[in-house]
Amino acid sequence: MNGRGWLAPVFVTTAVLVTWEAIVSVFHVKAVLLPGPTSIARVLGTQAPLLAEHLWPTLYQIVVGFLLSLVGGVIVAVLITYSEVVRRGVYPLIVVSQIVPKVAVAPLFVVWFGLGDLSRLLLAFLIAFFPIVINTTAGLTSVDDDIVRMARAYMGSRGQIFFKIRLPHALPLIFAGMKISITLAVIGVVVAEFVAAQRGIGYLIVMANGLLDTPLMMAAITVLSVMGLALYGAIAALERLVVYWQPQAETPRSGFA
């Protein structure tokens, strides 16, 4: 996105914040119901150490859960691509696993894996896993059969066909899946922290809710949103470096959509 591309979102965001602050001031809305942006900004400044203390555990779990989903998702997608047995047996189970509400599964994970980081990492993995599998499978299997047959005719091995034809062809869709996956990993970790945690942004939101400290709750949500946006931006920047042949203005079509 070039410099001009940022003007529209910055303008809209500024307009929303100004309107929000005006409504809160004019109608004297209590902070416990809806604090204004200035009140939230003050909390971000005064409670910065507290927010930072709870940010790092959440960030760590999101990144690790996302990386696990990326590695596991790509491996499963490769197996689905090359194995008819896996495609018929595992693929439907993966789809069914996404139908179950993750909020309902979170307490079970706590019972099975305890109150530590493992239950939160596994929930983040479960949520972020699906788009990686779907998009990677779509990318690997969408290669033109004529190209594959030509490569085989020139004595190309299965490994050469994968790394030089299938994988480069699938990279735009893989990165599209990664963008979806990182946002879902944020949701997974925070949902798990809502259920059982003694640290993290999700825990801080629950604690602030119990204290009716809405400004602190909104500040924690703001920090969480900025963190998610930064992670998404990091993947988008990596995509521009890796998928360098793709025009910047072109948005890859997601197999998950």
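The fraction of all Cα pairs in the stretch 130-257 landing in successive 5 Å bins from 0 to the largest distance is 2, 10, 15, 15, 13, 11, 10, 8, 6, 4, 3, 2, 1, 0, given as whole percents.
About its Cα centre, what dipole magnitude does the stretch 142-257 give when the only charges are +1 on Lys and Arg Cβ and -1 on Asp and Glu Cβ, stated in debye to the nearest 20?
Numbers: 9 positive and 7 negative charges, 89 e Å.
The calculated dipole for the stretch 142-257 is roughly 420 debye.
The portion of the accessible surface of the chain made up by carbon and sulfur, rounded to a whole percent, is 72 (1.4 Å probe; DNA, RNA and ligands excluded). How high is the relative contact order of the stretch 142-257, in percent, with contacts defined as C-alpha pairs under 8 Å that are six or more residues apart? Relative contact order here is 29 percent. Using a probe of 1.4 Å on the protein chains alone, the accessible area found for M218 is around 50 Å². Taking Cα centre as origin and charging only the Cβ of basic (Lys, Arg, +1) and acidic (Asp, Glu, -1) residues, the dipole magnitude of the chain rounds to 420 debye. When only Cα pairs below 8 angstrom with a gap of at least 6 residues are kept, the stretch 16-143 shows a relative contact order of 31 percent. Between F194 and V63, the simple label model (points 7 Å from Cα in the Cβ direction) yields a spacing of 2.6 nm.
At 0.36 nm per residue, minus the direct Cα-Cα distance, what do F163 and R42 gain on full extension? Give it in nm, one decimal, please.
Working it through step by step, the gained length comes to 38.4 nm.
Quick check: with the 1.4 Å probe, what order do T81, T222 take by accessible area, largest first?
T222, T81
For the pair the stretch 127-144 / the stretch 9-27, the C-alpha centres are spaced 40 Å from each other.
Counting only heavy atoms of the protein chains and using a 1.4 Å probe, H28 has close to 150 Å² of accessible surface. Heavy-atom accessible surface of the stretch 141-229, averaged per residue, reaches 51 Å², computed with a 1.4 Å probe. Normalised by the number of residues in the stretch 73-154, the mean separation of alpha-carbon contacts (under 8 Å, six or more apart) gives a relative contact order of 44 percent. When all protein chains stay in place and ligands, DNA and RNA are ignored, the 1.4 Å accessible-area order of Y203, Y244, largest first, is Y244, Y203.
Debye-formula intensities of the chain, expressed as log10 I(q)/I(0) at q = 0.07, 0.12, 0.17 Å⁻¹, are -0.33, -0.85, -1.28 (one equal scatterer per alpha-carbon, no solvent).
Could you compute the net charge surrounding G228? Neighbours are other residues with a C-beta less than 15 Å from the C-beta of G228; K and R count +1, D and E count -1. Neighbour charge sum, excluding G228 itself: 0.
Calculated on the Cα set of the stretch 14-152, radius of gyration then Dmax: 22.8, 73 Å. Rounded to the nearest 0.05, the FRET efficiency derived from the C-beta distance between T14 and S225 at R0 = 22 Å is 0.85.
Each Lys and Arg contributes +1 and each Asp and Glu -1, all at the Cβ; summed about the Cα centre of the stretch 18-149, the dipole is approximately 360 debye.
To the nearest 10, the accessible area of S119 is 10 Å² with a 1.4 Å probe.
The values are calculated or read from the model by the stated rules, or taken from the named source; none is laboratory data. Model, not experiment: these values are computed from the prediction. Cβ coordinates were reconstructed from backbone atoms using ideal geometry, including for glycine residues, and neighbour counts include every protein chain displayed. SASA here: full protein model, heavy atoms, side chains in, ligands and nucleic acids out. Shrake-Rupley method; radii C 1.70, N 1.55, O 1.52, S 1.80 Å.
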